[in-house]
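For reference, the structure is listed below as structure tokens.
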Amino acid sequence: MKLIAVVLCLTAIGPVYGQEIGVVDLTRPDASRFTDQQKESPLPPDCTKWTGIAADGVRRPEDNKARPIRLQIIELNNEEIEVGSDVRAEVRLTNTGTQPIQIPWATDRSVTETEPDPDHVEWEEARFEVVLRDKHNNTILLKSAEAALYGTKFDNGTIITIKPGEWITALMHFRLEDEFRFRTSEIPMGRSELFLEWKQAFRRRDRAKCGWNTAFFEYRGYYKQEHPTVTVDVGKAKK
């Protein structure tokens with residue numbers, strides 16, 4: 001009986017070490033942002049124009065305790081990169097907390113249209129973002145070209161649960177350009193750091209009489225994100 005008790009104890013402890021539970025390729029060219037891509041349909045006969053209400057907010061854990069995650073850039077195809085160049089990266093999201101978390105896991109946006117009621121659609125949407133921090137501690141969000149992730153409770157396999165200690169790996173690429181300004185001259189030369197951020201949102205779309213009501217709830221404050229950095233040398237683009 002003592003031997004049996006020891007074996008059971010070791011079996012229970014094993015999963016604490018964690019493991020990789022999935023790999024996803026986000027390097028597809030058909031990347032998309034948090035945008036509504038409503039299907040084209042004729043205006044109803046009793047309507048003179050499209051109408052609708054847009055709402056936004058934040059989504060928090062039920063216990064109001066942020067879920068810790070670690071976001072790592074595991075590997076870059078080149079640590080000496082030029083302004084305006086495309087960079088391929090392997091990244092990792094690890095659940096470092098004590099509670100399981102759920103994230104969307106499909107790269108095909110059409111999964112958001114699999115709900116039984118086409119007039120009421122809701123889904124999860126998320127993406128990785130790469131940020132550059134220079135020696136003066138200034139940060140620049142870099143232009144991403146990877147696909148987003150989508151998930152819905154009505155399509156099995158499009159939502160993945162990450163238990164404590166487990167992680168997922170993603171392949172992605174980004175460009176050494178400012179996401180918002182598109183002026184490559186503002187990217188600082190020399191040694192800088194890169195780190196990763198995770199953006200997730202719950203979205204809903206409900207058909208109204210003359211259009212759609214939409215809702216966007218960002219997971220702002222839902223995760224306590226740890227951002228280890230990697231060092232890169234940034235050079236001028238070659239002509």
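The values are calculated or read from the model by the stated rules, or taken from the named source; none is laboratory data. Just so we're clear, the structure is a prediction, and the values are computed from it rather than from any experiment. With ideal geometry, Cβ positions are generated from the backbone for all residues, glycine too; neighbour counts draw on all protein chains shown. Protein only, heavy atoms only, side chains kept; ligands, DNA and RNA dropped before computing areas. Shrake-Rupley method; radii C 1.70, N 1.55, O 1.52, S 1.80 Å.
Checking the structure you have, find out if any residue of segment 195-212 is over 19 Å from the mean Cα position of the chain (by Cα), open to solvent by 60 Å² or more (accessible area, probe 1.4 Å) and either touching a residue at least 40 places away in the same chain (Cβ under 8 Å) or within 18 Å of Val111 (Cα to Cα) (or both).
yes
One line per residue, one yes/no per condition, for (1) outside any strand (DSSP E or B); (2) crowded, with 20+ Cβ neighbours inside 10 Å:
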residue: Pro116; (1), (2): yes, no
residue: Phe128; (1), (2): no, yes
residue: Lys135; (1), (2): yes, no
residue: Leu142; (1), (2): no, no
residue: Ala147; (1), (2): yes, yes
residue: Lys153; (1), (2): yes, no
residue: Ile168; (1), (2): no, no
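Would you mind stating whether Ile160 is of a type in the set (A, V, I, L, M), touching a residue at least 40 places away in the same chain (Cβ under 8 Å), buried (at least 18 other Cβ atoms within 10 Å of the Cβ) and under 30 Å from His120 (Cβ atoms)?
yes
When you look at Pro61, is it part of a loop (DSSP other than H, G, I, E, B), within 28 Å of Phe202 (Cβ to Cβ) and either of a type in the set (A, V, I, L, M, F, W, C) or at pLDDT below 65 (or both), yes or no?
Working: part of a loop (DSSP other than H, G, I, E, B): yes; within 28 Å of Phe202 (Cβ to Cβ): yes; either of a type in the set (A, V, I, L, M, F, W, C) or at pLDDT below 65 (or both): no.
For Pro61, the condition - part of a loop (DSSP other than H, G, I, E, B), within 28 Å of Phe202 (Cβ to Cβ) and either of a type in the set (A, V, I, L, M, F, W, C) or at pLDDT below 65 (or both) - is not met.
All but one of (1) in a strand (DSSP E or B); (2) open to solvent by 60 Å² or more (accessible area, probe 1.4 Å); (3) not acidic (Asp, Glu) hold for Val234, so report the exception by its number.
Evaluating Val234 over (1) in a strand (DSSP E or B); (2) open to solvent by 60 Å² or more (accessible area, probe 1.4 Å); (3) not acidic (Asp, Glu) leaves (2) as the failure.
So the check is Cβ under 6 Å with 6+ separation or different chains; which pairs have a first residue in segment 51-77 that's touching a residue at least 24 places away in the same chain (Cβ under 8 Å) and open to solvent by 40 Å² or more (accessible area, probe 1.4 Å) and a second one that's in a strand (DSSP E or B) and of a type in the set (D, E, K, R)?
So the pair list comes out as Val58/Glu218; Ala66/Lys224; Pro68/Lys224; Arg70/Glu226; Gln72/Arg92; Ile74/Glu90; Ile74/Arg92.
Working only within segment 213-222, note down all residues that are open to solvent by 20 Å² or more (accessible area, probe 1.4 Å) and in contact with a strand residue (DSSP E or B) (Cβ under 6 Å, 6 or more places away or on another chain).
Of segment 213-222, the ones open to solvent by 20 Å² or more (accessible area, probe 1.4 Å) are 213-214, 216-222.
Within segment 213-222, Asn213, Thr214, Phe216, Phe217, Glu218, Tyr219, Arg220 qualify.
Take segment 149-165 and flag every residue that is over 16 Å from Thr107 (Cβ atoms) and touching a Pro at 6+ places or on another chain (Cβ under 8 Å).
Phe154, Thr161, Ile162, Lys163, Pro164, Gly165
So Phe174 fits all but one of (1) in a loop (DSSP other than H, G, I, E, B); (2) modelled with pLDDT of 90 or more; (3) farther than 16 Å from Pro104 by Cβ; what number is the exception?
(1)
Condition check: over 29 Å from Glu226 (Cα atoms), of a type outside the set (Phe, Trp, Tyr) and at pLDDT below 95. Does Ile81 satisfy that?
Against the criterion (over 29 Å from Glu226 (Cα atoms), of a type outside the set (Phe, Trp, Tyr) and at pLDDT below 95), Ile81 does not qualify.
Got at least one residue in segment 100-109 being closer than 18 Å to Thr161 by Cα, touching a residue at least 40 places away in the same chain (Cβ under 8 Å) and exposed (fewer than 13 other Cβ atoms within 10 Å of the Cβ)? Working first, answer last.
Taking segment 100-109 first, the residues closer than 18 Å to Thr161 by Cα are 100-107.
So of that shortlist, the ones also touching a residue at least 40 places away in the same chain (Cβ under 8 Å) come out as 100-107.
Now drop any that are not exposed (fewer than 13 other Cβ atoms within 10 Å of the Cβ), which leaves 100.
Yes, that holds for at least one residue.
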